[in-house]
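First the structure, in the form of structure tokens, and then the observations on it.
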Amino acid sequence: MSKKTYLGLSALLSFSAIAQSVLPFPPTPSASKAKETLRESTHVRRKVPQRLPADAPNILIIMTDDTGPGLPNTYGGEINTPTLSKIANTGISYNRFHSTAMCSPTRAALLTGRNHTRVGNGQISELSNDFTGFSGVIPKSSATVAEVLRDYGYSTAAFGKWHNTPSNETSKAGPFDRWPTGYGFDYFYGFLGGEASQYEPTLVQNTTYVTQPKTAKEGYHLTDDLADNAIGWLNEHKALAPDKPFFMYWAPGAAHGPHQVTKEWADKYKGKFDDGWDKYRERTYKRMMEMGQLPKNAKLTPRPDSLAAWDSIPENQKPFQRRLMEVYAGFVEHADYNAGRVVSAIEKLGMRENTLIFYIWGDNGSSSEGQNGSISELLAENSIPSKIEDHMKALDKIGGLPALGSAKTDNMYHAGWGWAGSTPYQGTKLQGAYFGGTRQPLAVSWPKKIAANKISRSQFHHVNDITPTIYNILKINPPQFVNGIKQDSLDGTSMAYTFNAPNAKSRKDTQFFDIMASRGIYHKGWFAGTRGPRVPWLTVTPGIENWDPRFDTWELYNLEEDFTQSNNVANRYPGKLAQMKRLFMKESMKNFNMPIGGGLLAVFNPSTILQDPHHSFTYVGSINRIPEFAAPKIGTRANIINMDLKIPAEANGVLFALGGYSSGISLSFQDGELVYEYNTMAIERTQIKAKNIPKGDVSISVEFQPKPLIYDTPNKNLQSADVIIKADGKTVAKGEIPTTVPMVFTLTDCLDFGMDLGSPVSEYYYEKAPFKFNGQIEVVKIDYLDVTAPKKETTMVEVSE
């Protein structure tokens, strides 16, 4: 054997030995003895060692979305939450449990037991960038709890909102190792992005895009579907793997925008919020104090000066603002009801006694992104100014107030309601500096091991503590290697010590917070923080263009005396504040939270948003369901679309559509007339029409050229655009789009060719959707016109099934 061969074999043997030591467990050796023939061999079934305790519990994590502490009647709010109450009454509750203040970051911290920036999730996945802490990629060196539990013998499943895959990796081409099934879940059913239409969602089952089981007209609602699917999975698990415990992560999109629920649920709250958000906060605070949810010295924090008082809302707008909150309340109760269906299924299967349930009320506080109230909630993300009159006028065209909560509106309530939902704290979602953005009620129930107790656990804890708690109760040492990859240490602290000791001393000393530079640090009873450059309920925050984190004004709170951050003592204790600021920077550097404000990159410069890196795209046939973030930016960047078509005599149907009814762009034939529609957030719809289009083999081109706005606005990223449509090289129509969408039309809808699946972009063919083209699309070529570098090209070909 040559020296080279010997070294190769030696390395291989060494690798094999290492692999056996670094995999979760080395393969169980066969108990059989194999010889040359079966007659000489001995066959004995190997015994697979039991890695889990004999009484290992089933584990269910329920987490709602954009729901603050002032909402559930379980803890003093005014929205009916019987399932949350049931879990609390059969278990225990926590009143100082925290999120990160934002969707993707909270989910990444929850599932890994590590700080959000340390696992690349300092921003939502759609706005991630290439700074380490903001990449949108959970590293394989930080295995999720699902990966570890699966290796130990659990069946694992996730349902609902995922929001932890880079958005440009969510197409049918993958890669799939960063989808839920690549992070330890045997089964996934839900949506990959940050939000979804409740009536026309873009659904994924494992790694396959699937259609919803019925239409909205037939009674479809996403949250119902998620509960149905979870119940079906539980029934199959009980039938097919009854000896294995299960781990289920059930995280509906409710109550994230768009706020959509049927009239019967919204009408439960008719008239209940007529006196507005200021009175709601006062009532809720009073009940919380009476119920003992807050300490006796807890203060109700005042309304920020930049947030409108209810009394300042014009009378003719108040019915609109009230109905927005009624729809939201019905949406929230509907989500809790469906969570209850899942819990009831576990009870029916006889598994409830030994099922540990964590019911986390919100991945962050209530949202103020609806700003002044909206029928199109992504106006805020795109920083497009609008007036309430614009919304009400557009709403009147599609049915008025009864249309709120329907598939035709992506409505979101006024920021004042979000502030009310975060009673009694300052702040809302997106504000890591304030508990209104980060403090989430938590109920935990495990009848077999946790005695029901109504004393609120007031130990300071965080979502990154859930995974260490699970490992603790299962006697699992956090693995040093998973799938051959050395693992990062955990940041969280087990909460198991509090289960049957309500007054135990808190074991978590330090926790940092930062969402888009709204940041803070908790340490041994003190909290220091700064609001940062953005106020989420303002379209554009004054001074943000000149922001420098080094000059932010910090606040200091003694939480042992000030439960709600109502008394800023920074001037009284400047030395303590300086110490806390140094600790924040130390934690930031340790957790890849650099640069400060790294998550704001896409806000300051929309061109940095994740997108397909190619400059030229070719689609053959009717390709569909290309997620917007994986599709060419045909409504934002300068581009030309060239389509080779076979056009019939009576042409009808969609040629292409990107986005949905709330915002998007489409080109369709309508009784022989070619119609280009640019839907700017449902507030402004521009149609450019062309008649007398030739029949037969025809080349259609659409040129889109952005240009400076024709009106003044505080958002300097906004543009208008010129559109030129040609048939066989001859101009047949042209027009101007007054306002284009700078960032995204939707977070989860798609680009389709030959039809408009999901939510239809245009009112014209809404009732005819998917309005399939009755001709033939041969090939579509899209080229960016703003590229000087050598072109990269991508090609997709329709495959018949």
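Observations on the model:
- Residues of segment 128-155 that turn out to be touching a Gly at 6+ places or on another chain (Cβ under 6 Å), polar (S, T, N, Q) and within 30 Å of ILE473 (Cβ to Cβ), as a count: 1
- Of all residues in segment 375-387, exactly one satisfies the criterion of being surrounded by fewer than 18 Cβ atoms within 10 Å (Cβ to Cβ) and in contact (Cβ under 8 Å) with a residue 24 or more places away in the chain, namely PRO385.
- Scanning segment 147-189 for residues that are of a type in the set (Gly, Ala, Ser), assigned to a helix (DSSP H, G or I) and crowded, with 24+ Cβ neighbours inside 10 Å gives a single hit, SER167.
- Test result for PRO542, free of Cβ contacts under 8 Å to residues at least 24 places away in the same chain and open to solvent by 40 Å² or more (accessible area, probe 1.4 Å): yes
- Number of positions in segment 80-114 that are among the polar types (S, T, N, Q), over 17 Å from ASP336 (Cα atoms) and open to solvent by 10 Å² or more (accessible area, probe 1.4 Å): 1
- Residue within segment 778-801 that is small (Gly, Ala, Ser) and at pLDDT 95 or above present: no
- Residue in segment 453-472 that is without any contact (Cβ under 8 Å) to a residue 40 or more places away in the chain, within 28 Å of ALA54 (Cβ to Cβ), out of contact with any Gly (no Cβ under 7 Å at 6 or more places or on another chain) and aromatic (Phe, Trp, Tyr) present: no
- Whenever a residue of segment 587-598 is at positive phi, its partners that are not in a loop (DSSP other than H, G, I, E, B), lying with C-beta atoms within less than 6 angstrom and at least six residues away or across chains, give the pairs PHE592/THR117; PHE592/ARG118; PHE592/THR132; PHE592/GLY133; GLY597/PRO549.
- Every residue from segment 621-631 that is modelled with pLDDT of 90 or more and more than 18 Å from SER128 (Cα to Cα): ASN624, ARG625, ILE626
- Number of positions in segment 693-704 that are open to solvent by less than 10 Å² (accessible area, probe 1.4 Å) and either at positive phi or in a loop (DSSP other than H, G, I, E, B) (or both): 1
- Against the numbered list (1) at pLDDT 95 or above; (2) farther than 25 Å from TYR765 by Cα; (3) within 21 Å of the chain's Cα centre (by Cα), ALA602 comes up short only at (1).
- Flag if ASN624 is over 30 Å from THR541 (Cα atoms) and more than 35 Å from the chain's Cα centre (by Cα): no
- Those residues of segment 724-777 which are among the aliphatic types (A, V, I, L, M), in a loop (DSSP other than H, G, I, E, B) and touching a helix residue (DSSP H, G or I) at 6+ places or on another chain (Cβ under 9 Å), in sequence order: VAL741, MET743, VAL744, LEU747
- Of the listed requirements (1) in a loop (DSSP other than H, G, I, E, B); (2) open to solvent by less than 20 Å² (accessible area, probe 1.4 Å), ASN568 misses just one: (2).
- Apart from one condition, ALA143 fits all of (1) touching a Lys or Arg at 6+ places or on another chain (Cβ under 6 Å); (2) part of a loop (DSSP other than H, G, I, E, B); the exception is (1).
- Given (1) assigned to a loop (DSSP other than H, G, I, E, B); (2) open to solvent by 40 Å² or more (accessible area, probe 1.4 Å); (3) closer than 23 Å to LEU601 by Cβ, number of the condition GLU560 does not satisfy: (3)
- The residue list THR355, THR428, THR423 contains one member that is more than 26 Å from LYS279 (Cβ to Cβ), open to solvent by less than 10 Å² (accessible area, probe 1.4 Å) and touching a residue at least 12 places away in the same chain (Cβ under 8 Å), which is THR355.
- Output for segment 764-773, where each listed residue is more than 31 Å from the chain's Cα centre (by Cα) and either open to solvent by 80 Å² or more (accessible area, probe 1.4 Å) or modelled with pLDDT under 90 (or both): none
- Test: residue in segment 535-555 that is in contact with an Asp or Glu (Cβ under 8 Å, 6 or more places away or on another chain) and farther than 24 Å from GLY120 by Cα: yes
- Complete set of residues in segment 507-533 that are closer than 23 Å to SER128 by Cα, over 20 Å from the mean Cα position of the chain (by Cα) and not in a strand (DSSP E or B): ARG531, GLY532, PRO533
- Leading residue by the ranking (nearest to ILE515 (Cα to Cα)) among those in segment 433-468 that are surrounded by 24 or more Cβ atoms within 10 Å (Cβ to Cβ) and polar (S, T, N, Q): THR438
- Enumeration of residues in segment 124-146 that are within 15 Å of ARG178 (Cβ to Cβ), open to solvent by less than 10 Å² (accessible area, probe 1.4 Å) and not aliphatic (A, V, I, L, M): SER125, GLU126, SER128, GLY136, SER142, THR144
- Candidate set: segment 306-352, residues that are basic (Lys, Arg) and surrounded by 22 or more Cβ atoms within 10 Å (Cβ to Cβ); chosen: the one farthest from ALA251 (Cα to Cα): ARG322
Conditions tested, residue by residue: (1) of a type in the set (Ser, Thr, Tyr); (2) in a strand (DSSP E or B).
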{"residue": "SER383", "(1), (2)": "yes, no"}
{"residue": "GLU389", "(1), (2)": "no, no"}
{"residue": "ALA394", "(1), (2)": "no, no"}
{"residue": "GLY405", "(1), (2)": "no, no"}
{"residue": "ALA420", "(1), (2)": "no, no"}
{"residue": "LEU430", "(1), (2)": "no, no"}
{"residue": "ALA433", "(1), (2)": "no, no"}
{"residue": "ALA443", "(1), (2)": "no, yes"}
{"residue": "LYS448", "(1), (2)": "no, no"}
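- Selection count, segment 716-758, where residues are hydroxyl-bearing (Ser, Thr, Tyr) and surrounded by 20 or more Cβ atoms within 10 Å (Cβ to Cβ): 4
- Subset of segment 53-65 (residues that are under 32 Å from the mean Cα position of the chain (by Cα) and either of a type in the set (D, E, K, R) or open to solvent by 10 Å² or more (accessible area, probe 1.4 Å) (or both)): ALA56, ASN58, ASP65
- Among the candidates VAL761, VAL787, residue that is out of contact with any strand residue (DSSP E or B) (no Cβ under 8 Å at 6 or more places or on another chain) and either crowded, with 21+ Cβ neighbours inside 10 Å or over 17 Å from THR680 (Cβ atoms) (or both): VAL787
- Hey, LEU709 crowded, with 20+ Cβ neighbours inside 10 Å, in contact with a strand residue (DSSP E or B) (Cβ under 7 Å, 6 or more places away or on another chain) and of a type in the set (A, V, I, L, M, F, W, C) or not: no
The values are calculated or read from the model by the stated rules, or taken from the named source; none is laboratory data. All values reported here derive from a predicted model rather than from experimental measurement. Neighbour counts are summed over all protein chains in view; Cβ atoms, including those assigned to glycine, are modelled from backbone coordinates with ideal geometry. Remember, those area values only see protein heavy atoms, side chains included, never the ligands or the DNA or RNA. Shrake-Rupley method; radii C 1.70, N 1.55, O 1.52, S 1.80 Å.
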